[in-house]
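**Q** Just dropping this structure here.
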Amino acid sequence: MTRLLKILEYGLSSLARRKFKNFSIIAIYSFTIAALASILLLTHSLKEIAVNVLADGPDIVVQRLTGGRHDLIPANYTQGIEQLAGVGRVTPRIWGYYYDSLYQTNYTMLGVQQDMPQLEMVEGRMVVADGECTVGQGVATAQNAEIGNELLLINSAGIGSTCEITGMFKARSNLWTNDLILFTKDDLQRFFATPAGLATDITVEVFNPKEIPVVAQKIRQLFPDTRPVTINEILHTYESVFNWRSGMMLTIFASSLIAFSILAWDKATGISGEEKQEIGILKAIGWDTGDILALKFSEGSVISVTAFLLGIFFAYIHVFLLGAPLLVPVLKGWSVLFPPLHLVPYVNMYQIFTLGFLTIVPYMASTVIPSWKSAITDPESIMRG
Amino acid sequence: MIRTRFFLSCIALLLISLALLSLHSRHGKQVWITQELTPNRELVAHLALTDLALWTEARYTRHPALADFFAPFQDFPASFEHFPAGSIIAPHLPAVSTTLRVRRITDGSPQ
């Protein structure tokens with residue numbers, strides 16, 4: 001133990017002799033790990049939030065396809081679906097998008113039943129009558145509106161239509177409701193001029209979750225022009241959107257890994273003449289190959305472990321305490337109403353250990369292998385260069 | 001051994017900080033689960049929401065779960081993506097629906 005500590009002490013002195021170079025390596029190395037870990041933490045957290053909350057979403061959403069594209073669905077399809085065994089409530093939905101040219105933002109509009117209960121996430125009250133609406137925080141901010149104000153929107157006939165804001169979704173539900181405006185179903189049907197008897201899609205409740213795929217298959221057989229989207233498919237979408245292979249992960253991961261590879265390659269392709277000479281001198285004064293490898297291993301560990309811990313520390317602070325300000329512009333894209341991110345600190349230890357394995361081991365290998373090559377060479381020829 | 005002590009102290013400090021962050025993570029999750037998960041699930045259940053309101057620029061980025069399979073890159077094959085979010089969202093392939101069924105054999109014949 002004492003021997004190892006002494007080797008570590010010597011390794012630290014050796015690193016201190018090349019202070020600037022080694023601090024630069026630690027800084028770049030920890031930056032690379034912080035970038036990689038930030039993406040892992042951010043995407044994992046979003047995935048966990050999505051999967052945990054969406055688990056209570058509709059069991060099946062039935063869309064009608066016309067010419068391979070989503071089309072309005074006859075509301076009387078509900079009668080056929082209700083007849084299927086194991087099916088509970090079948091509800092036709094009216095919803096759609098609205099582009100506000102004044103504020104250049106897109107809103108999502110959803111029609112709800114007038115008997116909708118008061119929800120905890122709504123400040124004020126839910127819509128209960130025509131001419132009323134409940135809006136998300138993003139919509140309220142864009143329109144500079146408050147509860148009690150009138151919201152002016154242009155309907156599909158091109159005529160201005162107003163609604164009174166009776167409620168506002170709380171900021172804690174921003175991830176779901178930031179761009180949402182709720183109306184009564186009849187009101188929204190008139191606003192979009194949706195023909196009577198048609199709906200945007202139909203949600204289906206299935207009593208036994210194990211029967212969802214069977215019910216979806218039956219709906220497809222009953223109405224061949226429909227596409228049932230099951231809750232598992234919805235959850236699967238969010239699992240794939242935020243997984244390791246997603247576009248964002250791949251892009252930043254690839255560039256960070258390339259940067260890291262350049263760093264490791266630089267180390268692996270050879271050690272400096274000064275370092276070779278040092279190994280030669282140590283061999284000449286009686287250090288054996290094992291000691292030199294232990295020394296180089298300790299030097300590599302000092303740099304990689306320090307950089308890894310610093311990287312993870314900064315990534316956590318960046319994502320969960322600061323709200324990922326460096327990643328939000330990448331995530332945001334052209335989304336004008338992007339909700340402020342208040343992420344739940346979900347950390348997947350498996351991902352962190354994998355990241356550690358993928359970054360620490362190659363760096364250690366690239367430090368030890370060239371040193372081992374020098375250590376097994378004759379000290380005199382090393383010192384002569 | 002001054003350098004070793006200094007280095008080990010720094011590592012210990014970093015480990016303690018990470019342990020504190022881990023407590024922060026546990027606490028944050030607990031608070032979210034007890035205070036926000038249920039009302040958010042209630043919201044999703046009552047309004048039948050299917051997607052996160054993250055990307056509002058296009059139909060298929062606002063509702064990736066309900067988008068047509070071919071919605072991204074819909075202008076022509078291999079066209080450049082219109083919206084940055086389209087590069088972030090990975091194409092999702094249908095989940096594997098294969099299942100293995102193991103049944104008990106009674107009276108010498110499989111049920």
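The values are calculated or read from the model by the stated rules, or taken from the named source; none is laboratory data. Everything numeric in this text was worked out from a predicted model, so none of it was measured. A quick note on method: Cβ atoms are made from the backbone with ideal geometry, for glycine too, and the neighbour counts reach across all protein chains shown.
**Q** With the structure loaded, tell me whether A:Gly138 is in a strand (DSSP E or B), in contact with a strand residue (DSSP E or B) (Cβ under 9 Å, 6 or more places away or on another chain), under 29 Å from A:Leu46 (Cα atoms) and not hydroxyl-bearing (Ser, Thr, Tyr) or whether it fails that test. Spell out how you get there, then give the answer.
**A** Numbers: in a strand (DSSP E or B): no; in contact with a strand residue (DSSP E or B) (Cβ under 9 Å, 6 or more places away or on another chain): yes; under 29 Å from A:Leu46 (Cα atoms): yes; not hydroxyl-bearing (Ser, Thr, Tyr): yes.
No; evaluated as a whole, the condition is false for this residue.
**Q** Still on this model: From the list A:Val51, A:Val90, which residue is under 34 Å from the mean Cα position of the chain (by Cα), closer than 15 Å to A:Thr200 by Cβ and hydrophobic (A, V, I, L, M, F, W, C)?
**A** Numbers: A:Val51 fails: closer than 15 Å to A:Thr200 by Cβ.
From the options A:Val51, A:Val90, the qualifying one is A:Val90.
**Q** Right, next: With respect to A:Ile60, determine if the residue is within 11 Å of another protein chain (Cβ to nearest Cβ) and closer than 30 Å to A:Tyr350 by Cα.
**A** Numbers: within 11 Å of another protein chain (Cβ to nearest Cβ): yes; closer than 30 Å to A:Tyr350 by Cα: no.
Taking the combined requirement at face value, the residue does not satisfy it.
**Q** Right, another one. Taking the condition of being touching an Asp or Glu at 6+ places or on another chain (Cβ under 9 Å) and assigned to a helix (DSSP H, G or I), how many residues in the stretch A:18-52 meet it?
**A** 4
**Q** A further question follows. Can you tell me which condition A:Gly111 does not meet? The list is (1) small (Gly, Ala, Ser); (2) within 20 Å of A:Trp176 (Cα to Cα); (3) surrounded by fewer than 23 Cβ atoms within 10 Å (Cβ to Cβ); (4) more than 27 Å from the chain's Cα centre (by Cα), and all the others hold.
**A** The single condition A:Gly111 does not satisfy is (3).
**Q** So, in the stretch A:319-339, how many residues would count as being over 14 Å from the mean Cα position of the chain (by Cα) and within 16 Å of A:Ser45 (Cα to Cα)?
**A** 2
**Q** Among what's in the stretch A:277-303 and is of a type in the set (A, V, I, L, M, F, W, C), surrounded by fewer than 16 Cβ atoms within 10 Å (Cβ to Cβ) and touching a residue at least 60 places away in the same chain (Cβ under 8 Å), pick the residue that is farthest from A:Tyr10 (Cα to Cα).
**A** Let us first name the residues in the stretch A:277-303 that are of a type in the set (A, V, I, L, M, F, W, C), namely A:279, A:281-282, A:284-285, A:287, A:292-295, A:297, A:302-303.
Retained after the next criterion (residues that are surrounded by fewer than 16 Cβ atoms within 10 Å (Cβ to Cβ)): A:281, A:284-285.
Narrowing the set further to residues that are touching a residue at least 60 places away in the same chain (Cβ under 8 Å) leaves A:281, A:284.
Details: A:Ile281: 14, A:Ala284: 16 Å.
Residue satisfying both the conditions and the ranking: A:Ala284.
**Q** Looking only at residues that are touching a Lys or Arg at 6+ places or on another chain (Cβ under 9 Å) and closer than 28 Å to A:Asn52 by Cβ in the stretch A:118-172, which one is surrounded by the most Cβ atoms within 10 Å (Cβ to Cβ)?
**A** The extreme case among them is A:Thr134.
**Q** State yes or no: is A:Pro325 surrounded by fewer than 19 Cβ atoms within 10 Å (Cβ to Cβ), outside the structural domain of A:Thr105 (by TED's automatic domain parsing) and either part of a loop (DSSP other than H, G, I, E, B) or out of contact with any strand residue (DSSP E or B) (no Cβ under 8 Å at 6 or more places or on another chain) (or both)? Step through it out loud before you land on a result.
**A** On the way: surrounded by fewer than 19 Cβ atoms within 10 Å (Cβ to Cβ): yes; outside the structural domain of A:Thr105 (by TED's automatic domain parsing): yes; either part of a loop (DSSP other than H, G, I, E, B) or out of contact with any strand residue (DSSP E or B) (no Cβ under 8 Å at 6 or more places or on another chain) (or both): yes.
Yes; evaluated as a whole, the condition is true for this residue.
**Q** Return the residue satisfying two criteria in turn: it lies in the stretch A:280-335 and is among the aromatic types (Phe, Trp, Tyr) and modelled with pLDDT under 90, and of such residues it is farthest from A:Val241 (Cα to Cα). Explain how you work it out, then say what you get.
**A** Step one: of the stretch A:280-335, the residues among the aromatic types (Phe, Trp, Tyr) are A:287, A:297, A:308, A:313-314, A:316, A:320, A:334.
The next check asks that each one be modelled with pLDDT under 90; those that pass are A:287, A:297, A:334.
Values: A:Trp287: 54, A:Phe297: 39, A:Trp334: 18 Å.
Ranking the candidates gives A:Trp287 first.
**Q** Out of the residues in the stretch A:173-201 that are in contact with a helix residue (DSSP H, G or I) (Cβ under 8 Å, 6 or more places away or on another chain), over 16 Å from A:Leu152 (Cα atoms) and within 14 Å of another protein chain (Cβ to nearest Cβ), which is surrounded by the fewest Cβ atoms within 10 Å (Cβ to Cβ)?
**A** Only one residue fits best here, namely A:Leu175.
**Q** Any chance you could count how many residues in the stretch A:334-350 are within 13 Å of chain B (Cβ to nearest Cβ) and assigned to a helix (DSSP H, G or I)?
**A** Let us first name the residues in the stretch A:334-350 that are within 13 Å of chain B (Cβ to nearest Cβ), namely A:334-349.
Pick out the ones that are also assigned to a helix (DSSP H, G or I) and you get A:349.
Qualifying residue count, the stretch A:334-350: 1.
**Q** With the structure loaded, tell me whether A:Ser261 is polar (S, T, N, Q) and farther than 30 Å from A:Leu42 by Cβ or whether it fails that test.
**A** Details: polar (S, T, N, Q): yes; farther than 30 Å from A:Leu42 by Cβ: no.
No: the conditions fail for A:Ser261.
**Q** Follow-up. I'd like the residue in the stretch A:254-270 that is on the phi < 0 side of the Ramachandran plot and at pLDDT below 70 and, out of all such residues, is farthest from the other protein chains (Cβ to nearest Cβ).
**A** Initial filter on the stretch A:254-270 (on the phi < 0 side of the Ramachandran plot): A:254-269.
Among the residues that remain, those that are also at pLDDT below 70 are: A:267-269.
Details: A:Lys267: 20, A:Ala268: 24, A:Thr269: 27 Å.
It comes out as A:Thr269.
**Q** Ok, one more. Among all residue pairs at least 6 apart or on different chains, which show Cβ distances below 9 Å where the first residue, located in the stretch A:245-267, is among the β-branched types (Val, Ile, Thr) and the second is modelled with pLDDT of 75 or more and not in a helix (DSSP H, G or I)?
**A** Sorted first by the residue in the stretch A:245-267, then by its partner, the pairs are A:Ile252/A:Leu327.
**Q** Looking only at the stretch B:24-64, count every residue that is touching a residue at least 12 places away in the same chain (Cβ under 8 Å), more than 7 Å from every other protein chain (Cβ to nearest Cβ), more than 16 Å from the chain's Cα centre (by Cα) and outside any loop (DSSP other than H, G, I, E, B) and tell me the total.
**A** 1
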